[in-house]
Amino acid sequence: MNSRLREMRANDLERVLAWRNHPEVRRYMYTRHEIRLDEHRQWFERASQDPAKHLLIFAVAGTPTGFVNITQHQQGPIADWGFYLAPEAPRGTGRQLGQSALTFAFGELGLHKLCGQALAFNERSIRFHRRLGFQQEGLLRDQYFDGEQFHSMVCFGLLHHEWPSQSGESI
């Protein structure tokens, strides 16, 4: 299937906000309130001016189906990533998004390491990271308070040489 990543543009804001505010996406985020459009625009204006941030739209056959945010660290070729899919994205889209994001991170950005985090109750994200080749590097116990209870965070890392696509393996 024809899929690709591209830079997020201002005309993507409302679509990405709708995805982000969907209850099935929002429940796994660190900020759980419904984000207003003006708040979202302010975030986009700040983030899109930051050269360390890469705000990307994942599209399949020309249709936007996901969002990827890669933020490079100042201390070298290391970055953090976050992502989510459109709630109506077809099954298998996440896998394509992950492969495209890793190709971008290790190929285009030349990263040595990509880091990710998942709330410990987000089993789907934890399985997803592992399927992409990430190694669990730690558990931050009761690290995040959602306003009602504490949650642990699982920390992941993937080094360039561990990336399955480098060895010709399929994910």
Check your understanding: Of all DSSP beta bridges located in the chain, what percent are antiparallel, nearest 5?
Key -> 90 percent
Review point. Using a 1.4 Å probe on the protein chains only, how many percent of the accessible area of the stretch 1-85 belongs to carbon and sulfur?
Key: 50 percent
**Study point:** the stretch 37-52 - phi-based ³J(HN,Hα) in whole Hz, Karplus 6.51/-1.76/1.60, Gly and Pro as x
**Key:** 4, 5, 5, 5, 4, 4, 4, 4, 4, 5, 5, 6, 8, 8, x, 7
Review point. Averaged per residue, what accessible surface does the chain expose to a 1.4 Å probe, in Å²?
Key: 57 Å²
Review point. Could you give the dipole magnitude of the stretch 16-171 about its Cα centre, charging the beta-carbon of Lys and Arg +1 and that of Asp and Glu -1, in debye to the nearest 20?
Key: 240 debye
Study note, to complete from the structure: Residue separation between residue 73 and residue 159 times 0.36 nm, minus their alpha-carbon distance, gives in nm 29.5 nm
Study note, to complete from the structure: Output ordering of 7-18, 113-124 (per-residue mean of other Cβ within 10 Å, highest first) is 113-124, 7-18
Practice item. Decide, for the stretch 48-171, between rounded, prolate and oblate: order the square roots of the alpha carbon gyration tensor eigenvalues as a ≥ b ≥ c, take rounded if a/c falls under 1.5, and otherwise choose prolate if a/b is larger than b/c, else oblate. Key: rounded
Exercise for review: Considering only protein heavy atoms, with the full assembly of protein chains and a 1.4 angstrom probe, order 161, 73, 151 by accessible area, largest first.
Suggested key: 161, 73, 151
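The values are calculated or read from the model by the stated rules, or taken from the named source; none is laboratory data. As the structure is a computational prediction, the values presented were derived from the model and not from experiment. Positions of Cβ are backbone-derived with ideal geometry, glycine not excepted, and every protein chain shown enters the neighbour counts. These area figures cover heavy atoms from the full protein model, side chains too; ligands, DNA and RNA do not enter into them. Shrake-Rupley method; radii C 1.70, N 1.55, O 1.52, S 1.80 Å.
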